[in-house]
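Take a look at the structure set out below.
The values are calculated or read from the model by the stated rules, or taken from the named source; none is laboratory data. Nothing here was measured: the structure is a model prediction, and the numbers come from that model. Heads up, the Cβs are rebuilt from the backbone with ideal geometry, glycines too, and the neighbour counts pull from every protein chain shown.
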């Protein structure tokens, strides 16, 4: 069990296998879970409208569709999106220190207020940071 920031809720560990099984069964909402495997890359999956709330999500997405996905009050410090469809995605109230977005269209990403290295970042500031990093 891990304590998530700014709350007193405990999150439960969920293995990648359990996460994938839940997705296959049609689950769309994951609340207060920790799905972490820094060496795992989820490839070629459709995860449209999936929601992570008050969770740790630390693995990599490659060639996935995450249209309309929501990440709210999550720890995304070690997450990577590579060549993913992020149309309409919401990232808000999240810790995003080492989050990586590459080869993705940023125009449709909705950034709320997020946090990095103890600093509060506005949605506009998040967009500018990832726009710059995505261009290099």
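Out of all the residues in segment 49-75, which are closer than 23 Å to residue 11 by Cα and more than 12 Å from the chain's Cα centre (by Cα)?
Hit for segment 49-75 is 49, nothing else.
Looking at segment 89-113 only, could you name the residues that are closer than 16 Å to residue 47 by Cβ, touching a strand residue (DSSP E or B) at 6+ places or on another chain (Cβ under 6 Å) and part of a loop (DSSP other than H, G, I, E, B)?
Across segment 89-113, the qualifying residue is only 104.
Can you confirm whether segment 114-121 contains a residue that is more than 16 Å from residue 29 (Cα to Cα), in a strand (DSSP E or B) and touching a helix residue (DSSP H, G or I) at 6+ places or on another chain (Cβ under 6 Å)?
yes
Return the residues of segment 41-53 that are closer than 15 Å to residue 22 by Cβ and either part of a strand (DSSP E or B) or touching a helix residue (DSSP H, G or I) at 6+ places or on another chain (Cβ under 6 Å) (or both); say none if nothing qualifies.
Across segment 41-53, the qualifying residues are 42, 46, 51, 52, 53.
Of all the residues that make up segment 58-88, how many are surrounded by fewer than 22 Cβ atoms within 10 Å (Cβ to Cβ) and not in a loop (DSSP other than H, G, I, E, B)?
Count: 10.
Can you find a residue that is in a strand (DSSP E or B) and without any contact (Cβ under 8 Å) to a residue 60 or more places away in the chain anywhere in segment 123-136?
No - not one qualifying residue is present in segment 123-136.
Do you know which of the residues in segment 89-114 that are surrounded by fewer than 19 Cβ atoms within 10 Å (Cβ to Cβ) and over 19 Å from residue 60 (Cα atoms) is modelled with the lowest pLDDT?
The selected residue is 107.
For segment 21-38, enumerate the residues that are over 13 Å from residue 79 (Cβ atoms) and either in a strand (DSSP E or B) or out of contact with any strand residue (DSSP E or B) (no Cβ under 8 Å at 6 or more places or on another chain) (or both).
Result: 21, 23, 24, 25, 26, 27, 29, 30, 31, 33.
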